[in-house]
Each structure stands twice: as C-alpha cells, then as structure tokens.
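Below is one structure, written out as structure tokens; the observations come after it.
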Amino acid sequence: MNDKKVKSITSKSENLTQWYTDVCTKAELMDYASAKGFIVYQPDGYALWEEIMHYLDKRFHDLGVRNVYMPTLIPMSLLNKEKEHIQGFAPECAVVTMGGSKTLAEPMVVRPTSETLFCDYFKDIVHSYNDLPIKDNQWCSVVRWEKTTRPFLRGAEFLWQEGHTLHETEAEAREFALSILRVYNDLGRDMLAIPFVMGQKPASEKFAGAVDTYTIEGLMPDGQALQCGTTHYLGTGFPEHFGIKFLGKDNKIAYPHYTSWGVSTRLLGALIMIHGDDNGLVLPPKIAPTQVVIVPIRGDTEPKVIEACKKVEASLNKLNIRVKLDLSNKTPGWKFAQYEMKGVPLRIEIGPKDLEKNQCVLTRRFDSAKVFLPLD
RNA sequence: CGGGAUAUUGCGCAGCUUGGUAGCGCGCUUGCUUUGGGAGCAAGAGGUCAUGGGUUCAAACCCCAUUGUCCCGACCA
C-alpha cells in the first residue's frame, strides 16, 4: 500500500524540479492557465500570499507607508525616459496591440515594474520639502515575457508589492531602503521559517537604473541561492529624468532621493522548495491556511466520534487556530495522505479506540512525531 | 532563436505499422458494503481524435501545410 503513496509524487532527492512541479499542482496551490507561463492561483496557494500581505501591510504601515494603485499599462514614451531602465527591461516587455480597426495613439506596454508610472505621478505632487517624504506601495501583478517559466519561481505574470519612496536626503533614503530590507528578513524569520541572508548586489546584477541594490537571498536544496526580495537606492536619476523637483529649506531647488523595493510570489516557491519532503508540502504553522486538521475514524457509524471531533474543533476555534474537521466519506488513509500532501502542520485523529481511553492522537507534519493526549 | 519529441474525455495513456462501430487506467455521479495509512462491488455520465487541405466508397490512422505544448541548448537584474 505504501507503494501507491510513493508513486504519487517524484522523490525530492531524485529530481528536484519534477518534485517541485508535482507538489505545486497536487497540493492544489496552482494550476496551469491556457496562456504559456501564466498560472491560476488556487485557494490554498493564494491563502499563503494573503498571509504574507497581512504581515507586510502591518509592517509597512508602521513605517508610514500607504497603499495606492497605478495603471496596468505604461505608454512607451514614459518607459523610454530613463535609458538604463528601458535597456534593462525592453527584452521582456509585453507590448499591447489592438485587434480589428482600432489603433493606439502610441505603443503601450504592460507594466514589468512601475517606477516610470510613480515618477510621472510624483512630479505633479512634489513641490517643497514639506511634501516629503512620500512613501507609497502597491499590491499588483506585473508581466515579464520570460522564455523559461516555472510556477511561482519565474512566471510571465506574478503578484508582488512594489514600494516607492522619495526623501529629502540621501542618508534618509538609504536608511529607509535598509529598514525595508530588515522587514523582509523578519518576514522570513516570523512567517516563512526561512533564514535569509541580507546583502548587496554587485554592479552586474543591480536593478536597471539603481545606484545600489540590496537583497535577501535564500539557500535552496540544490545549493543555489534564490533572490527573494530586493530594495533599491535609486539616487536622483529618475527624478532628474522625470522632472521631480522640490524647494528646500535653504530656498534652493533640489531633486529628491528615490527608493523602490519589492517581494513577489516567488517567496512561495522558496517556501515550497525549502520545507517540502517526499510526502508533499510542509508548511510552517504561522503561514499555513489550515493549521490543524481533525480526522475522525469510523465517523459514519460512531456518532460519539463525531461529537468528540466537534468539541475539539470548537475549542481550537476559540484559540483562533485555523482548524478543519474533515467529515467527508473518504477513508482515513486517504485523508492522512491528502493533508500531508497539503502540508497541514498538525493532524488530530479521533477514533473509537481513543474514546475508550479518553484520548486523541496528534501527528506533527514535519517530523511525523506522534503524541497521545487526553481529550480534555 | 537552434536541435529533438509530442497533440486522442478533467488527468495519464493505448490504438496508427496493415484505413472499416472511440478504447483503457485514474478521477467524477448513483447505490450498497466499508473506514486506525491513498477501500471493494455494481450501474452510469463524459470525445469536433489540435487546425486546414488532400488521397479514398470509407481517415484518429496515409500525404501536405499550419498551430500549440514539452524537453535540451541559447537568453534571462
């Protein structure tokens, strides 16, 4: 019988790439969409992203950041204003064309990132030092026409947040960029159970248009480092090209110092690869959409078992633990395998034998450790 | 973009050599029996065989063209 379980997904040590794809689809995190490189985020996959959004929104708010939303499309002329920037992104830009007899006044591009849109907006609202700092963030998706795609790790479209801030001085901007980097590092520690390494990129790997690029890097099971988040100090280059100026306290005109920063759904790819095993996904409790699953044994014929399960469910609900009681008519063995595949951190089994002893069985996902606890 | 492979039900595949009623496994629906590691039996539902053309009495199958997808390169902050 164990043969069936082993057959369902490829072994992680045997073929990491195949294993990764198997887990993404069989744990029902995503499905492939009809356009190449695009995916459907299924409820359990999107729920992981929602937990990340909740955490970061709170942390960003504490730093004085507010959420905004920019358009999906960028006029080509706007994108062309910063030379280094357009040279970096042009090869992967998705250019919009209209069907039929309709035509566009000028070529449009689906945003690969939104620096140009933010700067075009900032130039109209920044006039004096009293308008600074500006700290905006947006949650959105961006499109980059990658030739080779993988779920979450590299997609033609991915979800992310991009923050854009303007500051009076270089020192303030640099310090802010680094404070965001520390927030990203905390996200790894508090939510994802991933020990990131904070660092600075060499000139050859900097963001197109940045003075300095900082990243958090995660170590993957294949020995490669995966860039999981970036913050950039962009200097005054963008403001100069877009005409963002302010009158300082000294009554002189100056350009503000610019930062941008982001993390994407690539984080989910790192989460899956780092923690998963041959039985499927393994999720840290803080981010798991379902933290505890209760599996009744012989529930159909033993009303007392259901009753006991519901009692446990209610008490866990009171503790704000995300709990699921599975009363479906699947067999217990199927449920065990299913919730292991989905990475649920803790399983509680309750059956007739347990009721006789007034106990239940707890099994931990990441190391299969079993504990018997009194029902009370 | 270069090389290779492939396209048949939601998924995975057989059938093509040698043209003649559209098949299998999984999944799904219903019923009964089951339930402590992916249950069993029975009855069902589900297909423009990628697209266009050609050959033929007859094409999933043979021929030509087109398109999509996958793998390996190359490319990729």
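The values are calculated or read from the model by the stated rules, or taken from the named source; none is laboratory data. Computed from a prediction, not measured in an experiment: that's the story for all the values here. Please note: Cβ atoms are built from the backbone with ideal geometry, for glycine as well, and neighbour counts cover all protein chains shown.
Could you check residue A:316 against (1) among the hydrophobic types (A, V, I, L, M, F, W, C); (2) closer than 18 Å to residue A:299 by Cα; (3) at pLDDT 95 or above and say which number it fails?
The failed condition is (2).
Step by step: first the residues of segment A:149-163, then only those that are out of contact with any helix residue (DSSP H, G or I) (no Cβ under 7 Å at 6 or more places or on another chain) and outside any strand (DSSP E or B), then the one that is surrounded by the most Cβ atoms within 10 Å (Cβ to Cβ). Which residue is that?
Ranking the qualifying residues of segment A:149-163, first place goes to A:155.
Answer yes if at least one residue in segment A:297-313 is touching a Phe, Trp or Tyr at 6+ places or on another chain (Cβ under 6 Å), of a type in the set (A, V, I, L, M) and in contact (Cβ under 8 Å) with a residue 12 or more places away in the chain, and no otherwise.
Filtering segment A:297-313 down to residues touching a Phe, Trp or Tyr at 6+ places or on another chain (Cβ under 6 Å) leaves none.
Checked segment A:297-313: no residue is touching a Phe, Trp or Tyr at 6+ places or on another chain (Cβ under 6 Å), of a type in the set (A, V, I, L, M) and in contact (Cβ under 8 Å) with a residue 12 or more places away in the chain.
From A:343, A:299, A:276, grab the single residue that is modelled with pLDDT under 95, among the small types (Gly, Ala, Ser) and under 27 Å from the mean Cα position of the chain (by Cα). Even if it seems obvious, please write down each step before you answer.
Working: A:343 fails: modelled with pLDDT under 95; A:299 fails: under 27 Å from the mean Cα position of the chain (by Cα).
Matching residue, one of A:343, A:299, A:276: A:276.
Given the structure, is residue A:146 assigned to a loop (DSSP other than H, G, I, E, B) and farther than 27 Å from residue A:272 by Cβ?
It is false that residue A:146 is assigned to a loop (DSSP other than H, G, I, E, B) and farther than 27 Å from residue A:272 by Cβ.
Regarding residue A:169, is this residue surrounded by 19 or more Cβ atoms within 10 Å (Cβ to Cβ), more than 11 Å from RNA strand B (Cβ to nearest atom) and over 16 Å from residue A:228 (Cα atoms)?
Considered against the rule, which asks whether it is surrounded by 19 or more Cβ atoms within 10 Å (Cβ to Cβ), more than 11 Å from RNA strand B (Cβ to nearest atom) and over 16 Å from residue A:228 (Cα atoms), residue A:169 comes out as no.
With the checklist (1) closer than 22 Å to residue A:326 by Cβ; (2) in contact with a Gly (Cβ under 8 Å, 6 or more places away or on another chain); (3) surrounded by fewer than 17 Cβ atoms within 10 Å (Cβ to Cβ) in hand, flag the one item residue A:280 doesn't pass.
Checking residue A:280 against (1) closer than 22 Å to residue A:326 by Cβ; (2) in contact with a Gly (Cβ under 8 Å, 6 or more places away or on another chain); (3) surrounded by fewer than 17 Cβ atoms within 10 Å (Cβ to Cβ), the one that fails is (3).
Are any residues in segment A:141-164 in contact with a Leu (Cβ under 9 Å, 6 or more places away or on another chain), under 25 Å from residue A:25 (Cβ atoms) and more than 13 Å from RNA strand B (Cβ to nearest atom), and if so, which ones?
A:141, A:152
For segment A:296-308, indicate whether the set of residues that are over 28 Å from residue A:25 (Cα atoms) and hydroxyl-bearing (Ser, Thr, Tyr) is non-empty.
yes
Taking residue A:300 as the residue in question, decide whether it is of a type outside the set (Phe, Trp, Tyr) and farther than 30 Å from residue A:151 by Cα.
Here the answer is yes, as residue A:300 does meet what is asked.
Search segment A:201-226 for residues that are farther than 24 Å from residue A:189 by Cβ and pair each with any residue that is assigned to a strand (DSSP E or B) and of a type outside the set (S, T, N, Q) when their beta-carbon atoms are under 7 Å apart and the residues are at least 6 apart or on different chains.
Qualifying pairs under 7 Å: A:207/A:232; A:209/A:234; A:210/A:232; A:210/A:233; A:210/A:234; A:211/A:233; A:211/A:234; A:211/A:235.
What do you reckon, is residue A:136 buried (at least 18 other Cβ atoms within 10 Å of the Cβ), in a strand (DSSP E or B), at pLDDT 90 or above and more than 16 Å from RNA strand B (Cβ to nearest atom)?
yes
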